[in-house]
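Report on the structure given below.
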Amino acid sequence: MPGAIYAEGLVKTFGEVRALDGVDLDVPEGTVLGLLGPNGAGKTTAVRVLTTLLRPDSGRARVAGIDVLKHPNEVRRSIGLSGQFAAVDEYLTGRENLQMVGQLYQMGAKAAKARAGELLDRFNLSDAADRPAKTYSGGMRRRLDLAAALVVRPPVMFMDEPTTGLDPRNRQQLWDVIKELVSGGTTLLLTTQYLEEADNLAHDIAVIDHGRVIERGTSDQLKARTGGERVEVVVQTPEMIEPAAAILHRFSAKGLNKAEATVDRHTRRVTVPVTGGAKLLAEVIRELDTHGIEIDDIGLRRPTLDDVFLALTGHAAEDAPATDAESPAAQRAEEAAK
Amino acid sequence: MTASTESFTHSRAPRPSGGPAQAVRDSLVVAKRNLIRMVRIPEVVIFGLIQPIMFVVLFSYVFGGAIPVPGHPGNDPSVYREYLMAGIFAQTVTFATAGAGAGIADDMHKGLIDRFRSLPMSRGAVLTGRTLADLVQTALTMLVLIVVAVIVGWRIHDGFPRALAGIGLLLLLGYAFSWIGALIGLSVRTPEAATSGGLIWLFPLTFISNAFVPTSNMPAFLRHVADWNPFSATVQAARQLFGNPQGAASNAWPMQHPALASLLWSLLIIAVFRTLAVRKYRSATA
Ligand SMILES: Nc1ncnc2c1ncn2[C@@H]1O[C@H](COP(=O)(O)OP(=O)(O)OP(=O)(O)O)[C@@H](O)[C@H]1O
Ligand SMILES: [Mg+2]
């Protein structure tokens, strides 16, 4: 049975740009999918197609078991959307905004009002509830927009970069809200540029680039595929770098060709890929001690999602150019034009 | 932060009843929202009032004695003043076009249209709500303008019921034009473009008509255009219903049956532009 969010072969072009180039997604009910990808990868476009705002050129999608293209209004009853840019009426108060959204979800006026109060409370907006949203800070608007997505407690939610612009405390609180939602059975598709967020919240991660899903799996699977754990040592003096590297080399991951220790002279850091975890780390410390090598810092490091991201997309999450002339998509477009 | 797991157990939105009842309810919710905005941004309403008042005063006193109304010999300025007023009323109601257009373009720009389009609401409600709110604003503007008109000497001569019918036809024309504005608002990229796009074509439309000067002195071609201009039909109908001087009516059918022509024109404009605007709304992207 397909998941609560299911997409097959979604294609959407804007002129020359293939914003979606055959996207498949499958999010089981009650789980969170983190959609990662550099700027311009197609994340927002995917969200817009799945939330009935945009018709794809081809492909199929079902949300909450309902065909997105055939029964968009049925889908709208079952989803909550918080888009990449907060969509609130600036001249309405926070309360009026939420009440209006509730009524347009076909709730009665009274029920909509009660729900608005609940959500304002929940998102720390009670004090500002009766001020026009124009007077809100960026993070407050963001939270009002998120509250609007939760008005009817929809079974399927879409959040496009929900915590961008939130301070650490409000980000943490939103994460709590999301975890609570999911434990209540909500299915969530979340796009984010904060890889820590995906790590924290998402059961599964899909990395998208140039309109294609280029990798998917759990956070641990993705990290394992990028590379295993490694031991990292910072020695006290530059003279100790060479002997430390020699020792670490002996511990490096077994394989046909033992991996070399990598050395960063500037920070006096020696790194080597290993297998064996904490037990091995203790051995390394003893060995270094025996040889009189004094260390500032030592640790077992696992690849972060940032490492995964960089390895997969070949550029950092934050500063990738949206339309890279040498991107595969652009090349495909050029070839097609010939 | 009050933690209550209860508040997040999920459920679908209530099933939309669909049909006209839901359409009316959704439209009223959106209309209320737009009216709240008008109250909170009163300068829009105030500027909307200043222009027609200026027109009343300028036309009455500057052109007053210079434009003879056929059938009323002598240059009595009070005759032209009565003749003019229906024209100004009609021009004023059509300015709703710019308001509706700018409002909808602004909603697109701010991402609110996306928010609405992701909700299980009736399809035309966002636009209907907007045009209804504009109708309320137009009616208020008309009220103020009528007071000003009475001050400069305008009167009705055939009783209240007929005068109300005349005002009804004027408001209906304004409502019809706000649907043209809605389509413009959905088709342009910025609220500024919607405002000018909603206004530029109103000038030829209102001037090639019987609104400010009698058509009898126009070249034959322009006179035909003026006779069949929806705007002229409403102006002529209002003059008849107010019992104001009408100039020499031409033989063209709309000028012979102005009230019916005005009604038909307005309904036709609503039918055509509402259909186009709602279709555009469904595929609109910011
Ligand atoms: N309405 C549009 N018209 C033209 N091109 C568009 C439109 N919307 C998106 N695109 C293009 O489609 C591609 C994907 O855009 P999208 O907004 O989905 O990226 P994203 O992954 O959400 O990026 P970001 O991380 O910056 O939000 C981009 O190249 C963008 O320029
Ligand atoms: Mg985006």
Kindly indicate which of A:Arg55, A:Arg62 is facing chain B (nearest Cβ under 8 Å), closer than 20 Å to A:Leu189 by Cβ and open to solvent by 40 Å² or more (accessible area, probe 1.4 Å). A:Arg55
Helices (runs of 4 or more DSSP H) contained entirely in segment B:71-183, each with at least 1 residues that are within 14 Å of chain A (Cβ to nearest Cβ): B:96-109, B:112-117, B:125-151
Suppose the filter is more than 16 Å from ligand 1 (Cβ to nearest atom), assigned to a loop (DSSP other than H, G, I, E, B), at the interface with chain B (Cβ under 8 Å from one of its Cβ atoms) and over 28 Å from the mean Cα position of the chain (by Cα); does A:Glu90 pass it? yes
Return only the number of the condition from (1) modelled with pLDDT under 90; (2) within 30 Å of B:Asp107 (Cβ to Cβ) that B:Arg279 does not satisfy. (1)
Please go through segment A:174-199 and pick out each residue that is crowded, with 17+ Cβ neighbours inside 10 Å, away from ligand 2 (no atom under 16 Å from the Cβ) and of a type outside the set (A, V, I, L, M, F, W, C). A:Glu180, A:Thr186, A:Thr187, A:Asp199
Would you tally the residues in segment B:238-284 being without any contact (Cβ under 8 Å) to a residue 40 or more places away in the chain and within 14 Å of chain A (Cβ to nearest Cβ)? 2
Take the residues of segment B:23-42 that are within 7 Å of another protein chain (Cβ to nearest Cβ) and either under 18 Å from the mean Cα position of the chain (by Cα) or not β-branched (Val, Ile, Thr) (or both): which is farthest from A:Glu96 (Cα to Cα)? B:Asp26
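Looking at A:Gly185, A:Gly165, which one is within 11 Å of another protein chain (Cβ to nearest Cβ), out of contact with any strand residue (DSSP E or B) (no Cβ under 8 Å at 6 or more places or on another chain) and outside any helix (DSSP H, G or I)?
Going through A:Gly185, A:Gly165 in turn, just one is within 11 Å of another protein chain (Cβ to nearest Cβ), out of contact with any strand residue (DSSP E or B) (no Cβ under 8 Å at 6 or more places or on another chain) and outside any helix (DSSP H, G or I): A:Gly185.
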Among (1) within 18 Å of B:Ala90 (Cβ to Cβ); (2) open to solvent by less than 20 Å² (accessible area, probe 1.4 Å); (3) of a type outside the set (Val, Ile, Thr); (4) not in a loop (DSSP other than H, G, I, E, B), B:Phe212 falls short only on (4)
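Could you tell me whether segment A:95-105 includes any residue that is under 27 Å from the mean Cα position of the chain (by Cα), in contact (Cβ under 8 Å) with a residue 40 or more places away in the chain, facing another protein chain (nearest Cβ under 8 Å) and crowded, with 22+ Cβ neighbours inside 10 Å? Walk me through it before giving the result.
Keep residues of segment A:95-105 that are under 27 Å from the mean Cα position of the chain (by Cα), which gives A:98, A:101.
Okay, now just the ones that are also in contact (Cβ under 8 Å) with a residue 40 or more places away in the chain, so A:98, A:101.
Next, from what is left, pick out any that are facing another protein chain (nearest Cβ under 8 Å): A:101.
Restricting the remaining residues to those that are crowded, with 22+ Cβ neighbours inside 10 Å gives A:101.
Yes.
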Could you count how many residues in segment B:215-226 are open to solvent by less than 60 Å² (accessible area, probe 1.4 Å) and at pLDDT below 90? 3
Do the conditions hold for A:Gly80, that is, is it in a strand (DSSP E or B), more than 16 Å from ligand 1 (Cβ to nearest atom), within 21 Å of the chain's Cα centre (by Cα) and in the same structural domain as A:Leu181 (by TED's automatic domain parsing)? yes
Within segment A:33-51, residues away from chain B (no Cβ under 14 Å) and either away from ligand 1 (no atom under 12 Å from the Cβ) or of a type in the set (A, V, I, L, M, F, W, C) (or both) come out as A:Leu33, A:Gly34, A:Leu35, A:Leu36, A:Ala41, A:Ala46
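The values are calculated or read from the model by the stated rules, or taken from the named source; none is laboratory data. Predicted, not measured: the structure shown is a model, and the values here were computed from it. All Cβ positions, glycine included, derive from the backbone under ideal geometry; neighbour counts span all protein chains shown. SASA here: full protein model, heavy atoms, side chains in, ligands and nucleic acids out. Shrake-Rupley method; radii C 1.70, N 1.55, O 1.52, S 1.80 Å.
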